[in-house]
Each structure stands twice: as structure tokens, then as C-alpha cells.
Amino acid sequence: MINDKNSQKIVDIIQNWSRKHSIWVLAYGTGCGAIEIPPTMTSRYDAERLGVRGAATPRQADVLLITGYLTTKTLKRVIRVYEQMQDPKYVIGFGSCTINGGMYYDSYNTIKVLDKYLPVDVYINGCMPRPEAVLAGFGKLQQLIAEGKANGATKYKENLEWYRGNQKKIIPNWVMPEYNW
Amino acid sequence: MNMQEIKENLITHVKANFPEAAEKEFDGNRLDFNVDKQCIPSILTYLKDRLGYIHLSHIACVDWLEEGEFEIIFIVWSPEEKMKVFIRTRIDREKPVMPNIDMIWRQANTYERELREMFGVEFIGLEAPDEFLLEDWGGPPPMRRDFDTEAYADDTFWHRPGREDALDVREEIIRRSREEIPDFAKKYSR
Ligand code: SF4
């Protein structure tokens with residue numbers, strides 16, 4: 001066990017350094033933006049050279065990409081997926097729909113502000129963002145991880161009540177399992 | 001047979017069995033019939049079993065708000081004659097009730113569920129779970145024209161501040177290209 005503060009710091013630096021270079025993205029796309037993921041991953045932009053690659057299940061993944069508008073119906077699934085993911089976990093909001101509703105600002109069925117429901121570490125704007133922008137977003141996330149500032153998951157744990165309240169406001173029939181942290 | 005003969009043949013056949021059906025011809029391979037809503041199952045069965053219109057392409061609903069009516073449209077297609085037939089009917093908007101046709105085409109069930117949810121049209125005897133696309137929906141049917149989607153979104157969801165000063169670029173585009181705004185579009189200008 002390491003107890004003294006300085007060695008903990010060193011461990012953190014090493015931990016963050018290694019986390020930063022293995023960002024596994026959950027292969028789960030919502031909205032239209034998921035169509036930009038294949039070009040980002042494949043040979044032309046080749047995100048894997050930065051350590052960004054796909055993961056098949058929530059438990060193996062580090063990053064949840066919200067690639068566009070979220071209907072209230074999808075939001076349920078997304079919350080569930082997010083809660084199944086294990087630490088460390090990060091959320092990237094992708095496209096203007098996650099930021100302020102985008103062109104669906106007056107839609108009756110999509111949420112407008114993602115960070116009321118899930119803690120977002122990085123937003124990438126654009127409708128939809130091009131692979132360069134996506135890579136820039138991942139670069140920003142890596143930088144935040146290295147600095148130890150990408151702490152959305154901690155925020156979520158500490159303010160669970162607030163997030164739950166917001167989530168339950170638009171999902172009145174809450175029949176989801178509660179995950180133990 | 002060419003298209004015109006097919007159409008005439010079809011009209012004669014349908015008229016012989018459903019004298020009150022009002023036909024309307026269109027260019028190309030399209031023909032419309034306006035019928036009473038009670039005739040819907042029988043005319044569709046007739047088209048399917050006797051005349052070869054075996055494919056149900058779509059069931060649609062049009063909201064005639066000003067006239068207080070819904071128009072339900074069934075589109076059927078004959079792969080042999082390459083002809084599509086629209087069967088139209090008007091129903092009351094206050095109490096929209098339709099006969100169910102999912103015993104004629106099984107897939108009609110999906111369309112009927114959608115119309116039930118989006119327009120509030122009730123299909124008598126439709127057996128399907130209540131929820132289709134909208135989960136936990138509390139508002140009025142959202143595809144009705146008197147449903148104000150923006151007001152609903154305003155009091156259901158949060159908006160991030162900062163959209164208020166968005167510019168109406170339409171004026172500028174029109175100034176540059178010297179076009180006219182059509183009348184119906186004017187009310188959408190800010
Ligand atoms: S931001 Fe644009 S591309 Fe992305 S989901 Fe919204 S409308 Fe689609």
C-alpha cells in the first residue's frame with residue numbers, strides 16, 4: 001500500500017499516462033454522428049495510432065461517445081450503459097445536438113442539454129464534426145486525462161441525486177436497476 | 001394492356017362493387033378512390049384478393065385541421081400491373097375511429113400503432129401494446145397540427161441559453177438573391 005502523498009502522485013501520473021494512451025470507445029452510436037466514426041477509425045485518419053479503438057461491451061470501454069441527438073427513449077439506454085461502465089470512464093458529447101439541441105431545438109422528443117443528465121468531459125461541436133475535429137476532441141480528452149482533470153465520473157458519483165432528479169424528470173416511469181458503485 | 005386501359009378496367013371493377021367510391025385519376029400509374037370509412041376493409045380485401053393489389057405500401061394520415069377531419073390513406077400496389085391505388089377516407093377529428101385491417105395485411109399493425117400514437121386515431125380491435133415509439137409520453141399526439149412542439153419542448157426540456165440572439169439569415173439571403181418570401185413562409189420568420 002502506498003500511503004505517503006508524493007508516491008501517490010507518482011502513481012497517479014503513471015496511471016493517467018497509461019489511461020491516456022488506451023482510450024477504448026464503446027461502439028454505440030446515437031443520432032447521425034456515428035457515421036463519422038468509421039472514417040475516424042479506419043486507415044485515412046487511423047485513430048488507433050492514438051490508442052483510440054472500439055470496445056464491444058460497456059464493461060470493457062472507457063469512453064462513451066454520444067454521437068448526436070438523444071431521444072428520451074435512447075437516453076434511458078444510454079444512462080444504463082453509462083452506469084454499467086467501469087472506472088475510469090469518460091463521456092464525449094458529439095455534435096451540436098448534444099450541446100444545445102442543434103437543429104432539433106424544438107423537437108418534442110429529444111433532450112437539448114446533455115450535461116444535465118450525464119457528466120460530459122469533452123464537447124466536440126459541429127453538425128456533424130469531421131474526423132479531424134473528432135481527433136482534436138480525443139486529443140483534448142487525452143490532455144485532460146493526463147492533467148487529471150477528466151473527472152466526470154467522480155462528479156456523477158458525488159452529485160448522483162441531482163443527475164437522477166433531472167433524469168427522472170423526463171423519464172417518469174423509472175424501472176431501471178440501481179447499480180452499486 | 002396499356003396504363004389507360006388498366007385504369008379504366010380498374011374503375012369499372014371497383015365501381016361495380018362500390019358504387020359510391022369516387023375516383024380521381026392522376027398521370028402515370030396512380031389512381032385514387034375516395035370512399036366511406038365503413039367500406040375500407042371490404043374494398044381493400046377486394047383489391048387484394050380479386051385484382052392483384054397484394055402489396056400494402058403505406059398507411060398515412062393527413063390532418064385537415066381547418067375542416068375538423070383526418071384523412072386516412074391506404075396505398076396498395078400491384079406488382080403485375082405496376083399500378084398504385086390510393087384509398088382515401090375522411091374521419092371526424094374529434095373522435096377518430098377507424099376499422100382495423102391488420103387481418104388483411106399483418107404489417108398494417110405497425111402502421112396502425114404509429115397512427116394511434118402520433119395522431120390518436122383509434123383502430124377498433126387493434127391488438128398491440130400501448131407504447132410504440134414514444135416511451136413515457138404524457139402529451140397530446142405529437143403529429144397533430146395543433147400540437148405546439150416548441151412550447152412542449154420549452155417546458156419539458158432545458159435549453160442552453162444563447163440561442164436567443166440567433167440571426168434570421170433568411171432576410172439576408174433574400175436581399176442578396178432578390179427572391180420573394182412566399183406568404184406561407186412569412187409566419188415562420190422571426
Ligand atoms: S449535430 Fe447534426 S449531425 Fe449531429 S446528430 Fe445533430 S443534426 Fe445530426
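The values are calculated or read from the model by the stated rules, or taken from the named source; none is laboratory data. Just so we're clear, the structure is a prediction, and the values are computed from it rather than from any experiment. No Cβ is skipped: glycine too gets one built from the backbone with ideal geometry, and neighbour counts run over all protein chains shown. When the accessible area is computed, the model is the full protein with side chains, heavy atoms only, and any ligands, DNA or RNA have been set aside. Shrake-Rupley method; radii C 1.70, N 1.55, O 1.52, S 1.80 Å.
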| field | the stretch A:1-49 versus the stretch B:76-150: alpha-carbon centroid distance in Å | value | 46 Å
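For the stretch A:101-181, what is the relative contact order in percent, using Cα pairs closer than 8 Å and at least 6 residues apart in sequence? Can you show the working numbers first?
Working: 38 pairs, mean separation 23.3, N = 81.
Relative CO of the stretch A:101-181 lands at 29 percent.
Rounded to the nearest 20 debye, what is the charge dipole size of the stretch B:1-122 about its Cα centre when +1 sits on each Lys and Arg Cβ and -1 on each Asp and Glu Cβ?
Using Cβ point charges on Lys, Arg, Asp and Glu, the stretch B:1-122 gives about 380 debye.
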| request: Compute from the Cα atoms of chain B the Rg and the Dmax, the latter being the longest Cα-Cα distance, and quote both in angstrom. | output: 21.3, 64
| Shielding by partners, peptide A:17-27 (average Cβ within 10 angstrom, other chains) | 0
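Total accessible area buried between chains A and B, 1.4 Å probe, in Å² to the nearest 100? Can you show the working numbers first?
Details: alone 10140 and 12490 Å², together 20550 Å².
In total, chains A and B hide about 2100 Å² from solvent.
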| query | Hey, can you rank B:134-140, A:141-147 by average C-beta count inside 10 Å, highest first? | reply | A:141-147, B:134-140
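How much of the accessible area of the stretch A:142-181, probe 1.4 Å, is carbon plus sulfur, in whole percent?
Values: 1210 of 2520 Å².
Result for the stretch A:142-181: 48 percent of the exposed heavy-atom area is carbon or sulfur.
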| query | In the Gaussian network model of chain B, springs joining C-alpha atoms below 10 Å, which of B:His13, B:His55, B:His159 carries the largest mean-square fluctuation? | reply | B:His159
| query | What GluC sites (Glu not before Pro) in the stretch B:25-89 are in a loop by DSSP, with at most 14 other Cβ atoms within 10 Å of the Cβ? | reply | B:Glu66, B:Glu67, B:Glu80
| said: Counting only other residues whose beta carbon sits under 10 Å from that of B:Trp64, what net charge do I get with K and R as +1, D and E as -1? | reply: -2
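What share of the DSSP beta bridges in the protein assembly as shown is antiparallel, in percent to the nearest 5?
Numbers: 24 of 44 bridges.
Percent antiparallel among DSSP bridges in the protein assembly as shown is about 55.
Could you please report the charge total around A:Met176, scoring K, R as +1 and D, E as -1 over all other residues with beta-carbon less than 14 angstrom from its beta-carbon?
On the way: positive: A:Lys73, A:Lys76, A:Arg77, A:Arg80, A:Arg164, A:Lys168; negative: A:Glu83, A:Glu178, B:Glu135, B:Asp136.
Here the count lands on +2.
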| task | Could you point to the residue in B:Ala108, B:Cys61, A:Gln60 farthest towards the positive end of the protein assembly as shown's charge dipole, with +1 and -1 charges on the Cβ of Lys/Arg and Asp/Glu respectively? | result | A:Gln60
| Over chain B, relative contact order from alpha-carbon pairs under 8 Å, at least 6 apart, % | 14 percent
| said: Accessible area of the stretch B:31-168 with a 1.4 Å probe: how many percent of it is carbon plus sulfur? | reply: 51 percent
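Which loop trypsin sites (Lys or Arg not before Pro) in the stretch B:6-101, with loop taken from DSSP, have no more than 13 other Cβ atoms within 10 angstrom of their Cβ?
Values: sites: B:Lys7, B:Lys15, B:Lys24, B:Arg30, B:Lys37, B:Lys48, B:Arg50, B:Lys82, B:Lys84, B:Arg88, B:Arg90, B:Arg93; in loops: B:Arg50, B:Lys82, B:Arg93.
Passing both the DSSP loop test and the Cβ count: B:Arg50, B:Lys82.
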| task | Give me the distance in nm between label points sitting 7 Å out from Cα along the Cα-to-Cβ direction at A:Ser18 and A:Val175, one decimal. | result | 4.2 nm
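For the stretch B:1-57, what is the relative contact order in percent, using Cα pairs closer than 8 Å and at least 6 residues apart in sequence? Walk me through the numbers on the way to the answer.
On the way: 30 pairs, mean separation 12.2, N = 57.
Relative contact order of the stretch B:1-57: 21 percent.
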| remark: With the 1.4 Å probe rolled over protein heavy atoms, the protein assembly as shown has an accessible area per residue in Å² of 55 Å²
| said: Can you compute the charge dipole magnitude of the protein assembly as shown about its Cα centre, using +1 on each Lys and Arg Cβ and -1 on each Asp and Glu Cβ, nothing else charged? Give it in debye, rounded to the nearest 20. | reply: 1600 debye
| said: Charges at C-beta only: +1 for Lys and Arg, -1 for Asp and Glu. How large is the resulting dipole of the stretch A:65-181 about its Cα centre, in Debye rounded to 20? | reply: 300 debye
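Using a Förster distance of 25 Å, how high is the FRET efficiency between B:Asp36 and B:Asp146, based on the Cβ-Cβ distance and rounded to 0.05?
On the way: r = 26 Å, r/R0 = 1.03.
Calculated transfer efficiency: 0.45.
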| task | Could you check which residue among B:Phe33, B:Phe147, B:Phe123 shows the biggest mean-square fluctuation in a GNM of chain B with a 10 Å Cα cutoff? | result | B:Phe147
